[in-house]
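Undergrad: Questions regarding the structure given below will be posed in turn.
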Amino acid sequence: MSLRKLSLLGFLATFALFIACSVDGADDKIIMPGGAAHANGDPTESETLADSELTYNYSALALYYIYANEELDSIGAYKNQGNKNGYSSDRYEFPDVSYMFDQMKDDYTSYWSPYYMYAIYSWLTEADAYVGIGAEAKAYGDTLVVSQVYPKSPSEKAGLLVGDTILSIDGSIPKTYEGFVKLIAGNEGDVLEMLVKRNEVDTIRVTVSEFLMPSLFLDYEDSIPVIRIAEFRDITVNDSGSYGEWMTILGKIKDEKSVIIDLRGNGGGSIDQCLNMASEFLSNKDTLIIEVEAHGDENFEYQVIDTTRVYAATDGIAKGMYVVFLADENTASCSETMMAAVASNIQSPIVGEISYGKGIGQVYFNTPAGGIARETSIHIYDRDFKSYHRVGFVPDFEIADSDKALSKAVELAKEATFKRTAGYGTKNTGHFANALMKSGATTKNAAPQKADIQSGAYRFRLK
């Protein structure tokens with residue numbers, strides 16, 4: 001399902017200020033704010049690369065940083081100020097740029113040197129790669145049964161199936177989940193011989209190798225489907241990212257009356273992925289969220305603040321399904337965006353703990369020198385223009401214990417009658433204010449932390 005937007009100017013689909021690289025990192029041209037083009041980021045003869053990097057990033061902040069009018073000084077306040085303020089050239093490739101970004105009060109507005117660009121891009125867009133067999137099992141007494149076989153994993157390629165009873169692995173009999181994990185551990189290239197029972201006893205040979213971990217996992221609890229969303233990613237085992245995995249799972253459960261969506265521990269990801277996923281529960285023209293977004297005018301000369309209503313373009317495949325959400329204090333950003341979109345439309349109950357409270361989004365773009373910058377550009381509201389930023393979602397049933405929370409969610413899903421009555425918090429959760437400290441960084445443009453990079457709603461503009 002696609003999403004359409006109603007706004008004064010809309011989004012500039014080919015605006016190349018935002019990161020202009022494909023999956024393989026191709027980068028042909030960067031358009032400076034104001035229209036000046038630099039092939040591959042090369043500065044003109046009249047300016048140094050450092051000057052170009054400062055000018056570009058200053059212009060980008062002026063246009064896209066939503067707090068620019070309150071916080072951004074003139075460019076002269078940052079030029080030649082980095083070294084004077086402790087940003088030594090031996091630690092910072094572009095001291096003035098790093099100094100400038102650190103003067104912005106928002107923790108999620110950051111700059112990193114070219115050294116980190118491709119690592120950050122990978123962390124944001126790609127699911128994690130693991131070496132293993134790509135399967136999970138559940139213990140029923142002393143019996144181990146395969147519960148998950150990840151798409152495109154070594155186990156799927158070898159023919160292992162969900163429901164297979166594991167009799168032995170390389171001659172050893174696993175009787176606990178821990179035993180199973182120990183027996184499947186190995187080095188890349190190792191071949192494991194698994195004896196499994198279906199209708200009859202079969203031998204499966206699985207080669208330990210690298211695979212992409214899915215971002216979504218389907219399980220059942222007391223006959224109720226439970227979809228755990230670990231993250232919202234553009235590049236996963238599915239060519240369409242998390243949304244592609246989502247549609248595969250919804251196709252399997254489309255005849256179910258209820259579903260539990262487990263967002264516990266999910267810190268965010270691609271806002272476009274999560275909005276498309278949320279829309280599958282809604283009706284045509286339902287408002288998902290409202291975005292208040294900063295961007296440049298059509299000539300890239302002035303900052304424009306647009307209020308944009310994002311709505312579903314068609315009826316979703318899971319329209320009419322009863323939904324229960326599981327959340328905790330680490331349910332943040334895009335996970336909260338999904339809950340805002342669904343719960344405000346169909347009053348889906350939330351079970352667990354109060355969520356993180358991150359109702360802002362960031363844009364990422366590469367720079368003339370090949371660095372990468374992140375700017376808070378979006379404030380997110382629910383369909384009624386209410387904000388959960390800094391205060392989070394209050395659960396309808398506050399249950400800290402993980403197993404008890406799941407049991408309550410199953411109870412609600414079976415009854416399929418309870419409507420959400422709780423709203424948003426009234427106190428600052430404190431998470432947002434401590435984001436930089438929790439990431440382990442000493443400055444916002446120091447060595448990036450993977451958890452910090454992945455904890456947010458982000459958006460790229462692809463050429």
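Undergrad: Cα to Cα, under 15 Å, and not fewer than 8 places away if on the same chain: which aspartates and glutamates meet these conditions relative to K257?
TA: Correct list for K257: E221, D222, E280, E411, E415.
Undergrad: In percent, what relative contact order does the range 68-207 have, based on Cα pairs under 8 Å that are 6 or more apart in sequence?
TA: It comes to 16 percent, rounded to a whole number.
Undergrad: Oh, and also: Taking the highest mean first, how do the peptides 239-246, 119-126 order by number of other beta carbon atoms within 10 angstrom per residue?
TA: Going by the mean number of other Cβ atoms within 10 Å, highest first, we get 239-246, 119-126.
Undergrad: Related question: Have a look at G423, A139, Y381 and report the one farthest towards the positive end of the charge dipole of the chain, computed about the Cα centre with Cβ charges (Lys/Arg +1, Asp/Glu -1).
TA: Positive-most Cα among the choices belongs to G423.
Undergrad: How big is Rg to Rh over the range 167-241, alpha-carbon atoms, Rh as the Kirkwood inverse-mean-distance radius?
TA: Taking Rg over the Kirkwood Rh, I get 1.04.
Undergrad: Here is a further query. So if I place +1 on the C-beta of Lys and Arg and -1 on the C-beta of Asp and Glu, and nothing else carries charge, what would the dipole magnitude of the chain be about its Cα centre? I want it in debye, nearest 20.
TA: Around 940 debye, computed over the chain.
Undergrad: On a C-alpha basis, how far is the centre of the range 359-427 from the centre of the range 123-164 in Å? Whole number, if you could?
TA: Spelled out, the Cα-based centre of one part sits 29 Å from the other.
Undergrad: Going by average Cβ neighbours within 10 Å, how do the peptides 163-173, 328-338 rank, with the highest at the top?
TA: By packing density, highest mean first, the sequence is 328-338, 163-173.
Undergrad: Could you tell me the relative contact order of the range 224-356? Use alpha-carbon pairs under 8 Å, at least six residues apart, and round to a whole percent.
TA: Answer for the range 224-356 is 29 percent.
Undergrad: Between their Cα atoms, which of K285/K414; K252/K319; K358/K419; K319/K404 are more than 18 Å away from each other?
TA: Checking Cα-Cα distances, K285/K414; K358/K419; K319/K404 exceed 18 Å.
Undergrad: So if I place +1 on the C-beta of Lys and Arg and -1 on the C-beta of Asp and Glu, and nothing else carries charge, what would the dipole magnitude of the range 299-363 be about its Cα centre? I want it in debye, nearest 20.
TA: In total the dipole reaches around 200 debye.
Undergrad: In deg cm²/dmol, rounded to 500, what helix-only [θ] at 222 nm does the chain give when every DSSP H run of at least 4 residues adds -39500 (n - 2.57) and the total is split over its residues?
TA: -6500 deg cm²/dmol
Undergrad: Which order, highest average first, do 145-152, 352-359 follow once you tally other Cβ atoms within 10 Å for each residue and take the mean per peptide?
TA: In descending order of packing, they fall as 352-359, 145-152.
Each reported figure results from applying straightforward, stated rules to the coordinates on display, with no laboratory input. Everything numeric here is computed off the predicted structure, so don't read it as measured data. Neighbour counts are summed over all protein chains in view; Cβ atoms, including those assigned to glycine, are modelled from backbone coordinates with ideal geometry.
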